[in-house]
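What follows is a short report on a single structure.
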Amino acid sequence: MESGNIIQITNLSKTFNGNAVLDEIDLRLSHGENLVVLGKSGAGKTVLLKCMVGLIKPDHGDIKLFDRDIVNCTPAQLDEVRTRIGYVFQQGALYDSISLRENMLFPMLRNAIFLKIPAQEMEERIERNLRSVGLLDAIDKMPAELSGGMKKRAGLARALMLKPELMLYDEPTAGLDPFTAKEISDLIVSIQHEHGTASVIVTHDMKCAETVSDRICILECGKFIAEGDYKTLRTYHEHQVSMFFTT
């Protein structure tokens, strides 16, 4: 039986070229919770996400997703855990040489050994998820025909194809105009409510953090220096925390 936490991270460290990007950090995420990891560019937020899904191996520490040991599991075990995770990359990470429909189909075909989804259901999921982000009319377009905001929304739709229990968002509003950034933030909240997912959102966008977060952890110099909800953290007087709320 799984515990109450989807993510349990203990004493996680990762160093690059002598620089401690993550320095013995602890992190917990509960079912249905949206957690924002807030930090400046280069603070290690993306490294943390990549450690969570086994794309980067930490120097030491424990990472458990759904009570599975991510650090020491086999490649096959890791692939199985990943079927329960939706990962939204900074730039959408769509495959340029195939249509939007085929991009949506790819994760289901890639994980067919674990999921065995009937062809009709695959097509229904594609249309349902693209409709939910306002992109059904673009289903047969190529990624080059999509705007930056459309690519972000397409990345969200693709991440939902496997009906994940955990969503990981890497700078979901980076590079977007304020109106489109708000649309993406609102979609993240809608996904949480509609699908019951837990999420980790890494960002330095304060409006996004305010909109999507149930809880915020601030990452600075490889460590979490503060934790709480948005209203609580904005009352902090310590400069390392308050600077995020005064820009």
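The values are calculated or read from the model by the stated rules, or taken from the named source; none is laboratory data. Bear in mind the structure is a predicted one, so any value in this text is a computation, not a measurement. Here the Cβ is made from the backbone with ideal geometry for all residues, glycine too, and neighbour counts use every protein chain on show.
Limited to the range 65-108, what total is found for residues that are in a strand (DSSP E or B) and over 28 Å from Ser147 (Cα atoms)?
3
Quick one: Pro107 ticks every box in (1) farther than 15 Å from Leu166 by Cβ; (2) in the same structural domain as Arg153 (by TED's automatic domain parsing); (3) not small (Gly, Ala, Ser) bar one, so which box is it?
(1)
Each row is one residue, and each column tells you yes or no for (1) over 21 Å from Asp214 (Cα atoms); (2) in contact with a Pro (Cβ under 6 Å, 6 or more places away or on another chain); (3) modelled with pLDDT under 90; (4) surrounded by fewer than 18 Cβ atoms within 10 Å (Cβ to Cβ).
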site	(1), (2), (3), (4)
Ile9	no, no, no, no
Leu12	yes, yes, no, no
Thr15	yes, no, no, yes
Asn19	yes, no, yes, yes
Glu33	no, no, no, no
Gly39	no, no, yes, no
Ile63	yes, no, no, no
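Quick check, is Gly222 outside the structural domain of Val21 (by TED's automatic domain parsing), small (Gly, Ala, Ser), at pLDDT below 95 and touching a strand residue (DSSP E or B) at 6+ places or on another chain (Cβ under 7 Å)?
No: the conditions fail for Gly222.
Would you mind telling me which numbered condition in (1) within 28 Å of Lys14 (Cα to Cα); (2) outside any loop (DSSP other than H, G, I, E, B); (3) under 16 Å from the mean Cα position of the chain (by Cα) Ala174 fails?
The number of the failed condition is (2).
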